[in-house]
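Here the structure is laid out as structure tokens; the discussion comes afterwards.
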Amino acid sequence: MAVASFERPEVMRAKVCLVGEPGVGKSSLVRRFVYDQFDDRYQPTLGAKVSKKEFDLRIGDRPVHAVLTIWDIMGEPSFRDLLKDAYFSALQGVLAVGDLTRSRTIGAAAEWIDAACHVSGHVPIVVLGSKNDLSAEPDAMAVIDEVAEDFSAPSWLTSARTGQNVDLAFLTLADRIARAGLRRGISPSDR
């Protein structure tokens, strides 16, 4: 009788932040990813809300158990500079969110990325256009592409309401974090 061999996954622990202007849908994206729920009532985040999500992925032939600590950061730009050290310290990845119905919020995501990278250095980034279930402003796609290109980051159009690309966005960021660690010679379990 053959005995199946199971490869024990490495564990990757990573702090990631969702950043962007107020009302772009950061909390809704977290709620959809962590709890698979959607609530269309707007409740502004005060300070930061921290959630955790665990899942498995593969990096090449290596199984990895990812444990993401997800910081949903309040979107008030005036607090960004005041609290950036507390929010962005020990950060391993950024999900930068802009609202497709308000393209100026997509461009402003670049300032949030800059603030996070100023504290934590260059970290993996994913750029998201949220609310893809609604009518986008005409220039929204061009602005998403520009921000993503400026930071050499992948981008996804997402909808917390429908779930479109939400899991994919978080999984893409986790994959990029694990691969960046492996390139630097850090095992995912060293995180």
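The values are calculated or read from the model by the stated rules, or taken from the named source; none is laboratory data. Predicted model, so just to flag it, every value in this text is computed and none were measured. Note: ideal-geometry Cβ built from the backbone for every residue, glycine included; neighbour counts use all protein chains shown.
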task = Collect the residues in the range 133-170 that are buried (at least 22 other Cβ atoms within 10 Å of the Cβ) and over 29 Å from A90 (Cα atoms), keeping them in residue-number order.
result = A140
request  = Please give the number of the condition H118 fails out of (1) modelled with pLDDT under 95; (2) closer than 28 Å to H65 by Cβ; (3) not β-branched (V, I, T).
outcome  = (2)
inquiry  = Testing H65 on (1) free of Cβ contacts under 8 Å to residues at least 60 places away in the same chain; (2) within 17 Å of the chain's Cα centre (by Cα); (3) closer than 17 Å to L171 by Cβ, one condition comes back false. Which one is that?
reply    = (2)
ask   = Tell me, which strands (runs of 3 or more DSSP E) wholly within the range 93-165 include 2 or more residues that are in contact (Cβ under 8 Å) with a residue 24 or more places away in the chain, within 16 Å of D72 (Cα to Cα) and of a type outside the set (F, W, Y)?
value = 93-99, 125-130
task = Scan the range 160-182 residue by residue and report those that are of a type in the set (S, T, Y) and over 12 Å from the mean Cα position of the chain (by Cα).
result = T162
task = Could you list, in sequence order, all residues of the range 9-61 that are over 18 Å from L168 (Cβ atoms) and of a type in the set (D, E, K, R)?
result = E10, R13, K15, E21, D39, D40, R41, K49, K52, D61
key: the range 25-48, residues that are modelled with pLDDT under 95 and among the hydrophobic types (A, V, I, L, M, F, W, C)   = F38, L46, A48
request  = Go through (1) within 18 Å of Q92 (Cβ to Cβ); (2) out of contact with any strand residue (DSSP E or B) (no Cβ under 7 Å at 6 or more places or on another chain) one by one and return the number of the condition A66 breaks.
outcome  = (2)
ask   = Got a sec? Which of S159, S135, S155 is under 21 Å from V123 (Cβ atoms) and of a type in the set (G, A, S)?
value = S155
